[in-house]
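Structure, as structure tokens:
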Amino acid sequence: MIMVVALALAGAVQGGVSSAQAEDGARQLLFYNHAYGVLDRETADAIEHSAYLRDFANFQVRTTTGAGGQTWTGRYLMGRETYIELFGIGDVPGKDGTLGAGGMGVSAEREGDLATVTARLRELGISDPVEFRQTRDFGDGVPVPWFDAVFTTEEYDLFGAWGMEYRPEYFADPRSKTEPAAHPGDVGRERYLPDAYRDHLMRDVTGIRLAVTARDLANTLPLLKAGGFAVRSLPGGGAVAKGGGTTLRFDAVPLDQVGLRQVEMSLNRPVSYRHEERIGHSALVVGPGSRAVWTFGEQDRQDRPTAR
């Protein structure tokens, strides 16, 4: 679980969602921030060198240093409030760098909401939530507190989800290049992410589809429920969680079939055409309209975990 925690970098819908309501009328406390997936090397390299992605989105390839000196190198498509983070096999140490591994962060928009979520987890039967503080080193050897995180468990197969809340020290540090608070207690995603998305077509991630083991799904759902997502079970053991303008779909599969399957994105403006960009073993379809869908096909099975 340590590397899953360390991998949590941060990141919807136009206009923001901080006042969204859960289905039961309670204020939603956690919102989709970002998800990551580990892809085969051919696909990861194709993404890294794609000229189209650099035009389509605020795209970056960077190496980050977190708590304990842990480092990871990812490919990022960043929107207004949300983003997607992509790795190749071995870009992350240990089993978290295995083909099909993944994770997801759901974050608070208001200071103090993560503590409320942690209390809700205990009410849902998670007697000992795992709490963690992540730091970030900007390359000068002086780490700054980045965000607080909570997991439902330390045990996982290849997918982990965490709740997170950005630290005020991070926003106050000029190295973070973040925006001023829009209101008291603002620890939101839009404040954290740069506004460079305006210069590209991609606006935000509006949907994620992930194939995970039944155990990893069972560990994830209490966190989403505690955060205010509306969760619905699917035939075959999967689930759909909706909240704040983002739809999260989980397919329950054997260990050797896990992985990121699809990302749906909103666009800054509608387009009249349909464009399909093949990127390794994936296909990004943009338009027509204000939507793009990125589907990840059958990956190279080298280093795929074995079923159990």
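The values are calculated or read from the model by the stated rules, or taken from the named source; none is laboratory data. It should be emphasised that the depicted structure is a prediction, and the values quoted were computed from it without experimental measurement. A quick note on method: Cβ atoms are made from the backbone with ideal geometry, for glycine too, and the neighbour counts reach across all protein chains shown. Surface areas here come from the heavy atoms of the whole protein model, side chains and all, with no ligands, DNA or RNA. Shrake-Rupley method; radii C 1.70, N 1.55, O 1.52, S 1.80 Å.
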Subject >> Per-peptide average of other Cβ atoms within 10 Å, ordering 72-81, 228-237 highest first >> reply: 72-81, 228-237
**OP:** Sort 220-226, 123-129 for me by packing, meaning the mean count of neighbouring Cβ atoms within 10 Å per residue, highest on top.
**Re:** 220-226, 123-129
Subject >> Value of [θ]222 nm, deg cm²/dmol, for the chain, DSSP H segments ≥ 4, -39500 (n - 2.57) each, nearest 500 >> reply: -4500 deg cm²/dmol
**OP:** Go through 83-95, 177-189 and give me the packing order, highest mean Cβ count within 10 Å leading.
**Re:** 83-95, 177-189
**OP:** Just the Kirkwood number for the range 30-296, please: inverse of mean 1/r across all distinct Cα pairs, in Å, one decimal.
**Re:** 18.9
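With every protein chain kept in the model, how would you rank 131, 277 by accessible area, 1.4 Å probe, largest at the top?
Of 131, 277, the descending order of accessible area is 131, 277.
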